[in-house]
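Participant: Below you will find the structure I want to go over with you.
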Amino acid sequence: MASPLDDFDFDALFPVMERLSKTAAPEDERVLRIAAYGLHYLHKLSMLDGFRMYLRDAQAPATDVNLIEHEFVSMPDARQWLSQAHGQDVGTLVRIAGRTHAVWREASGELTLVPSLTPQDLEPHTK
């Protein structure tokens, strides 16, 4: 049985990637090099633990992952949070009065909330 993706030895990845790149087509070698630089970048920023947590969630079925980051009773409450959430990630999901919304960036650069769905929201419609 294969080990989970989040269970990896950082130092052991690079020799494997180097060995694979030696027999890879040029475009595949480029992709491996980018992946290696990306992992090294996460390591330099001390973000490998966060990456491991991400991998745990990424492997879980979408219906098992809690995608909602915040819940609000009303839209005014959510808008107040959004106005104070500097650097909030576009795509962050929130629940407002029982309905899912996503953070979106307008062409003007202003953040807004737009109706959205999670896999859990869609589940009743698939049966």
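The values are calculated or read from the model by the stated rules, or taken from the named source; none is laboratory data. Remember, it's a predicted structure, so these values are computed and weren't measured experimentally. We work out accessible area using only protein heavy atoms, side chains counted, and drop any ligands, DNA or RNA first. Shrake-Rupley method; radii C 1.70, N 1.55, O 1.52, S 1.80 Å.
Participant: How many residues are in a loop (DSSP other than H, G, I, E, B) and of a type in the set (S, T, N, Q) if we restrict to the stretch 77-113?
Facilitator: Taking the stretch 77-113 as the starting set, the residues that turn out to be in a loop (DSSP other than H, G, I, E, B) are 85-92, 97-98, 106-110.
Applying the additional criterion that residues be of a type in the set (S, T, N, Q) yields 88, 92, 108.
Looking only at that region, the number is 3.
Participant: What are the residues in the stretch 1-47 that are open to solvent by less than 40 Å² (accessible area, probe 1.4 Å) and among the acidic types (Asp, Glu), if any? Step through it out loud before you land on a result.
Facilitator: Within the stretch 1-47, the first condition is being open to solvent by less than 40 Å² (accessible area, probe 1.4 Å), and the residues that meet it are 6, 8, 10, 17, 21, 24, 36, 38-39, 42.
Selection gives ASP6 alone.
Participant: Let me ask you something else. Would you confirm whether or not the stretch 8-27 contains a residue that is charged (D, E, K, R), at pLDDT below 90 and within 15 Å of the chain's Cα centre (by Cα)?
Facilitator: So far as the stretch 8-27 goes, no, none of its residues is charged (D, E, K, R), at pLDDT below 90 and within 15 Å of the chain's Cα centre (by Cα).
Participant: Do the conditions hold for ARG56, that is, is it within 19 Å of PRO4 (Cα to Cα) and either at pLDDT 85 or above or open to solvent by 70 Å² or more (accessible area, probe 1.4 Å) (or both)?
Facilitator: Numbers: within 19 Å of PRO4 (Cα to Cα): yes; either at pLDDT 85 or above or open to solvent by 70 Å² or more (accessible area, probe 1.4 Å) (or both): yes.
Against the criterion (within 19 Å of PRO4 (Cα to Cα) and either at pLDDT 85 or above or open to solvent by 70 Å² or more (accessible area, probe 1.4 Å) (or both)), ARG56 qualifies.
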